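Written out below as structure tokens is the structure these notes cover.
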Amino acid sequence: MLEQIPTHVIGGPLGAGKTSLIRDLLAQRPPGERWAVLVNEFGQVGLDAALLAADADGVAIGEVAGGCLCCVNGAPFQVGLARLLRKARPQRLFIEPSGLGHPRTLLRQLGEAPWRGVLAPQPLLLVLDAAALAGGAALPEAQQDALADAALLVLNKSEGLDEEARERLQASLPALPLVWTEQGRLPFANLPFVAGFDSATTTELPAPTAELPVLLTRTAPLRQVHSDGGHQAVGWRLHADWRFRRAALEAWLAGLDGLLRAKAVLHCEDGWLASNRVTGAEPWRPSAWRRDNRLELIFAKEQDPQALQQQMLTCAWLPDGQ
């Protein structure tokens with residue numbers, strides 16, 4: 001029976017650097033300790049698990065795709081978390097809600113049945129885009145609400161801010177512990193913890209239910225679309241044999257109207273590469289993911305998914321004879 005697993009909710013708006021921070025924390029995992037990560041994405045493709053993929057044992061990744069992970073009592077969350085815990089039996093759990101979700105609600109519900117006694121929720125950590133906030137960007141309502149419960153503010157992407165800009169930004173935020181980071185690099189010791197847990201109540205995990213696999217053929221891309229709250233996510237999975245021309249892809253992405261976020265793990269001319277970008281300035285990096293190509297775009301308004309797919313395919317090719 002699993003009991004009192006330290007559980008860290010890593011909240012923050014879209015593009016603040018939550019996935020980068022979790023990836024950095026995973027690199028600090030003590031040898032022999034089992035960790036797990038549950039990620040939620042606004043879209044349906046499941047890019048964050050691929051972006052977190054690494055050549056390492058001891059880390060298990062689970063996904064809840066589509067919508068808002070703050071609906072803890074919903075079936076997708078119950079199934080996804082229960083399956084991850086049964087499979088990984090982790091000694092520490094990280095949960096990354098969607099940048100459009102409500103981390104305050106999520107954290108509260110993790111302390112209720114059926115998770116009470118199984119999980120030991122730790123104080124909330126919020127990752128914020130320091131450069132965007134310093135430039136006048138507004139903090140989304142869900143993240144504004146979460147400030148009331150945050151134990152640590154991680155002001156990421158701070159490398160371009162001088163001392164004066166940092167002081168102005170800090171003065172505009174609640175008087176909370178904060179750290180300035182670049183590329184999501186945070187020492188594990190900086191995570192907020194609680195001193196002790198109430199282990200009086202222990203519950204069994206909800207029974208997972210079976211899900212039908214989605215078949216991915218070699219030639220046909222699998223497209224998935226999700227719309228909610230005025231935003232739209234359009235994503236694709238393609239067989240691993242497909243190759244992408246990185247320069248063509250970047251030129252196409254740069255010209256898309258209303259694009260808020262582009263996440264990708266792709267088989268390019270120079271190998272498997274990952275990107276998790278908001279402004280287009282984030283570099284590509286090598287990826288250990290090999291299962292399939294994944295690309296997801298999040299827009300501020302409705303798009304024509306079929307037209308986007310036709311444009312996307314002009315940046316890729318499928319070699320013959322493989």
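Any read-out appearing in this document is the output of simple, stated calculations on the displayed coordinates, not a laboratory observation. Keep in mind that what you see is a predicted model, and the values were worked out from it rather than measured. No Cβ is skipped: glycine too gets one built from the backbone with ideal geometry, and neighbour counts run over all protein chains shown.
Listed values, structure above:
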| item | result |
| --- | --- |
| Distant-in-sequence amide H partners of Val118 (H built 1.01 Å from N, under 5 Å) | Gln4, Thr203 |
| Gain in span if fully extended, Arg86 to Asn190, counting 0.36 nm per residue against the direct Cα distance | 34.6 nm |
| Table column - 3J(HN,Hα) (Hz), the stretch 238-250, Karplus curve with 6.51, -1.76, 1.60, x for Gly and Pro | 10, 3, 4, 6, 4, 10, 10, 8, 4, 5, 5, 5, 5 |
| Built amide H within the under 5 Å cut-off of Trp272, gap 5+ | Ser287 |
| Residues with amide H under 5 Å from that of Leu38, placed H, sequence gap 5 or more | Gly62, Phe94, Ile95, Glu96 |
| Potential extension, Glu250-Lys301 segment - 0.36 nm per residue separation minus Cα distance | 16.3 nm |
| Neighbour-count ranking [beta-carbon atoms within 10 angstrom, fewest first] of Trp272, Trp317 | Trp317, Trp272 |
| Residue exposure sequence - Val127, Val39 - by fewest surrounding Cβ within 10 Å | Val39, Val127 |
| Cα gyration tensor shape of the stretch 214-289, rounded if a/c is under 1.5, else prolate or oblate by comparing a/b with b/c | oblate |
